[in-house]
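The values are calculated or read from the model by the stated rules, or taken from the named source; none is laboratory data. Every value quoted in this text rests on a predicted model; they were computed, and no experiment measured them. Note: ideal-geometry Cβ built from the backbone for every residue, glycine included; neighbour counts use all protein chains shown.
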Amino acid sequence: MTSINTKNTAKLLDKDYVFVIAEIGKNFIQSEDDRSVEEYLQNAKDLVDAAVRAGADAVKFQTHEVEDEQLNVDITSPHFQGSDRYSWVTRNTNATPLDTFLKPLKKYC
């Protein structure tokens, strides 16, 4: 069973409380050119801070692992014009490495 750690467990137990989750998705990497993982991490932290200021109780990110979801075939993505989907998903994978992005972001949150 997966456990959820929260600083405000009492809120979760209050039947009248609305738990707000901010959907950050992949908005921390919205640029046409590649940027450093450090810049993406700072962007993600800034979005977490904005979500907290807006009153969110949690945040949700979206990441991609190219090996899990995409073959190296020519499919054009409508989400990132000028790039095939394999390159786009590879870029997302490379932007969020475990040790230098995901773990530091989890610690920050």
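Among (1) at pLDDT below 80; (2) surrounded by 12 or more Cβ atoms within 10 Å (Cβ to Cβ); (3) of a type outside the set (Val, Ile, Thr); (4) not in a loop (DSSP other than H, G, I, E, B), where does ALA10 come up short?
Among (1) at pLDDT below 80; (2) surrounded by 12 or more Cβ atoms within 10 Å (Cβ to Cβ); (3) of a type outside the set (Val, Ile, Thr); (4) not in a loop (DSSP other than H, G, I, E, B), ALA10 violates only (2).
Those residues that are among the basic types (Lys, Arg) and surrounded by 11 or more Cβ atoms within 10 Å (Cβ to Cβ), I need them from segment 49-63; list them, please.
LYS60
Select from segment 51-85 the residues that are of a type in the set (Ser, Thr, Tyr) and farther than 18 Å from ARG35 by Cα and write down the one among them that is modelled with the lowest pLDDT.
SER77
Any idea which residue in segment 15-30 is modelled with the highest pLDDT, counting only those that are surrounded by 11 or more Cβ atoms within 10 Å (Cβ to Cβ) and farther than 30 Å from THR90 by Cα?
In this case the residue turns out to be VAL20.
Has segment 31-47 got any residue that is assigned to a loop (DSSP other than H, G, I, E, B), at pLDDT below 90 and in contact with a Phe, Trp or Tyr (Cβ under 6 Å, 6 or more places away or on another chain)?
No, segment 31-47 contains no residue that is assigned to a loop (DSSP other than H, G, I, E, B), at pLDDT below 90 and in contact with a Phe, Trp or Tyr (Cβ under 6 Å, 6 or more places away or on another chain).
Within segment 86-108, take every residue that is among the aliphatic types (A, V, I, L, M) and under 14 Å from PHE61 (Cβ atoms) and give me the one that is surrounded by the most Cβ atoms within 10 Å (Cβ to Cβ).
So in segment 86-108, the residues among the aliphatic types (A, V, I, L, M) come out as 89, 95, 98, 102, 105.
Restricting the remaining residues to those that are under 14 Å from PHE61 (Cβ atoms) gives 95, 98, 102, 105.
Working: ALA95: 22, LEU98: 10, LEU102: 15, LEU105: 19.
Result: ALA95.
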